[in-house]
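Take a look at the structure set out below.
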Amino acid sequence: MEYNACQNTTTASGLTAGIYVATVTDSKGCTAQSTTNLNDPGANTVTLTSSDADNSICQNECITLTANSATAVSYEFFVGAISVQGPGAVTTYTTCALNNGDILTVECKDGIGCTFLSNQITMNVNALPTAFTVSKDSVFCAGTPGAPVILNGSENGVTYTLYMDGAPTAQTLTGNGATISYGNQNVPGTHIYTVYAENNTTLCAQMMNGSATLTVNPLPTAYNVSVSGTGHYCSGGTGLNICLDGSENGFTYQAFIDGIAGPTVVGTGAAICFNNQTTAGTYTVIATNPLTGCQSNMTGFAKIDIDPLPVAYGVTVTGTGSYCSGGAGLPICVGNSEANVNYQLLLGGVNTGVQIPGTGSAICFPNQTTAGTYTVNGVNSLTGCSNLMNGSATISIWALPTANAGADTTICQWSSAALHASDAGAGAIYAWTPAMDLTDDSISNPVATPAANATYTLTVMDANGCTNSDDIAVNSITIHIINCYSI
C-alpha cells in the first residue's frame, strides 16, 4: 500500500489510488487521524464481498472475504491498515478474529503493476455472552434429592440452556443478572453438565466455563429376607438363621432386631445367612456399598419367636422306690402337668411305655416292674418343645428271703420230727402252717408230732417285708401191735 507522507498542507494533489491517512496535530501536540480510500475512476476495479450477508457477526465467528476483479493478478487483504494476507494470487481470505468496527479491504495489482483498491467492508462484531462458571461436582446415592447445577452469574437478555453429556436438556433459564440454579439433578450414573448461553437479540452464543460432574451411585440390590423353618424355636435352643436370597460381593449386610443394630455379614455374590439368631423379634436387613456408602433396605422382614419349654415338675416314685421280687411294681409320678404336653417315661434314657397327656394336675405312669432309674420328658404337642422333668426316680427290686424247710422225712407213728429251716438272715420271721402238732410255729426249728402224714409250709419274711415259702412232707408209719397167747 502506498502512502504520500511528503505533503503537509491542508490539500494534497498528484495522488495515486490508495488508502491515505491524514494526521492533524494541534499546538499542544495532540493528534487525530482520518483514513480515506482514493480510487482512480478510470483504473481497474475490484469488488470485495464477505460470506456474511449483512456483515454482522458474533465474536470469534469466522467469515470468508472474496475479491472479484477481471484484471487483477495480485491480491493483498487488509484489516484496517494491517496486511493480513498476500500479496499473492489467492482471491479469498478467511478470518475468525475480527473486532467490532474493523474495516476490510483488498489491494490489487494488474499485469503491468498498477495498483487499485476494493470497496470497504465495515464489520459489526457482536460480543458473546459473558462466560460465567458452572459448578459443582457432586457424588450422591440414588433415591436422594440429587444435587443442583449452578452458574455463578448471568446477564439479562440471555437464555441459558443446561446440557448433559454434550446434549441439550429441556431445562432453560433466562438470565437475571445474578447466579442461577438448575435445581437438583439425579439422573442415574455419571454425567457431565455444561451450560450454553445465547443472546436473545444478537443470537450470539457460547458455552459457559467449566462443567459439573454429577455421579448418582446405584443402591444395593434389594434381596428378600427370610427365616429358617417356621420362625419358632424352643427356649434354650441354638436359634434360627435369618437369610437373604442373594447378596453382592463385598457389600456389608447388617441385621436389625426391632430396629436395634445387630450382626453383620459380608456379601459373597450368593445367598447369605445370619446364623443361629437367638433373640426374639422382627428382623430387617440393610445393605451398604463400602465404596459409595449407599444403603438400601432389603425386601420384607423375618420374625423369630421363642416357644417356652414345658414346666419341669418333679418326678417321684411311691414309697422307698423298692419292691419285692415278683411283686406288682411301683408307679412313677410327676408332681404336676400341663395341658397340651405329653409326658414320656424313660428308663435309663430310653423311652418305655406310652405317653400320657397332661391334665393340669399330677399324673402317674402305671406300675413299673423293671429296676433302674426313671426320668420323664415333657413334649408340647403344639410346638414340639421338650423338657426333662426335674429329678429322677429309681426302682430297686428286693430279692426274696431264702425259704428252705428241708427234705421230706418219715417217722413212726406217735414219733416226733425236728424241722430245720435254713437261716434266712437277721431279722427274718418264720411262720409254719398248719401250726397244729408243732411245738412253736414261729421259730426256724419247731418239732412236729403228727398223728398221720402231714405237709408243713414254711413262710419266711425278711426285714423288707418280702416273703418266700417252702413245703416239707412228714410221713408217719403206722405201728401194728400183735397180741401173743399161750396155749
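The values are calculated or read from the model by the stated rules, or taken from the named source; none is laboratory data. What you see is a predicted model; the values in this text were computed from it and never measured. Positions of Cβ are backbone-derived with ideal geometry, glycine not excepted, and every protein chain shown enters the neighbour counts.
Table for the structure above
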| quantity | calculated |
| --- | --- |
| All positions within segment 208-220 that are surrounded by 15 or more Cβ atoms within 10 Å (Cβ to Cβ) and part of a loop (DSSP other than H, G, I, E, B) | MET208, GLY210, SER211, LEU219, PRO220 |
| Of the criteria (1) assigned to a strand (DSSP E or B); (2) modelled with pLDDT of 95 or more, which one THR410 fails | (2) |
| Failed item, numbered, when ASN176 is tested on (1) in a strand (DSSP E or B); (2) without any contact (Cβ under 8 Å) to a residue 40 or more places away in the chain | (1) |
| Options VAL84, VAL79; residue that is surrounded by 15 or more Cβ atoms within 10 Å (Cβ to Cβ) and under 30 Å from ALA205 (Cα atoms) | VAL79 |
| Test: residue in segment 404-411 that is acidic (Asp, Glu) and either crowded, with 19+ Cβ neighbours inside 10 Å or touching a strand residue (DSSP E or B) at 6+ places or on another chain (Cβ under 7 Å) (or both) | yes |
| Tally of residues being under 48 Å from the mean Cα position of the chain (by Cα), part of a strand (DSSP E or B) and among the aliphatic types (A, V, I, L, M) across segment 318-369 | 5 |
| Segment 370-386 - residue that is β-branched (Val, Ile, Thr) and closer than 16 Å to VAL317 by Cα and, of those, surrounded by the most Cβ atoms within 10 Å (Cβ to Cβ) | VAL376 |
| Unique residue being in the same structural domain as ALA473 (by TED's automatic domain parsing), touching a Leu at 6+ places or on another chain (Cβ under 7 Å) and of a type in the set (Ser, Thr, Tyr) when the list is TYR430, TYR374 | TYR430 |
| Residue within segment 452-472 that is farther than 30 Å from THR316 by Cβ, part of a loop (DSSP other than H, G, I, E, B) and either at pLDDT 95 or above or not assigned by TED's automatic domain parsing to the domain that holds SER322 (or both) present | yes |
| Some residue of segment 217-228 being modelled with pLDDT of 95 or more and on the phi > 0 side of the Ramachandran plot | no |
| Check on ILE82, free of Cβ contacts under 8 Å to residues at least 24 places away in the same chain and not small (Gly, Ala, Ser) | yes |
| Verdict on VAL265 being crowded, with 18+ Cβ neighbours inside 10 Å and in contact (Cβ under 8 Å) with a residue 60 or more places away in the chain | no |
| From THR122, THR115, THR105, THR130, residue being farther than 19 Å from GLU198 by Cβ and exposed (fewer than 15 other Cβ atoms within 10 Å of the Cβ) | THR122 |
| Residue pairs meeting the criteria (Cβ under 9 Å; at least 6 apart or on separate chains; first within 10 Å of ASN209 (Cβ to Cβ), in segment 128-139; second surrounded by fewer than 14 Cβ atoms within 10 Å (Cβ to Cβ)) | PHE132/THR179 |
| Residue, nearest to GLY175 (Cα to Cα), within segment 84-130, restricted to residues that are touching a strand residue (DSSP E or B) at 6+ places or on another chain (Cβ under 6 Å) and among the charged types (D, E, K, R) | ASP102 |
| Lone qualifier among SER27, SER56 - being at negative phi, surrounded by 13 or more Cβ atoms within 10 Å (Cβ to Cβ) and either modelled with pLDDT under 95 or among the hydroxyl-bearing types (Ser, Thr, Tyr) (or both) | SER56 |
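Okay, residues lined up against (1) within 18 Å of ASN380 (Cα to Cα); (2) modelled with pLDDT of 95 or more; (3) of a type in the set (Val, Ile, Thr); (4) surrounded by 14 or more Cβ atoms within 10 Å (Cβ to Cβ):
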| position | (1), (2), (3), (4) |
| --- | --- |
| LEU330 | no, yes, no, yes |
| ASN342 | yes, yes, no, yes |
| VAL350 | no, yes, yes, no |
| ILE356 | yes, yes, yes, yes |
| ILE363 | yes, yes, yes, yes |
| GLN368 | no, yes, no, yes |
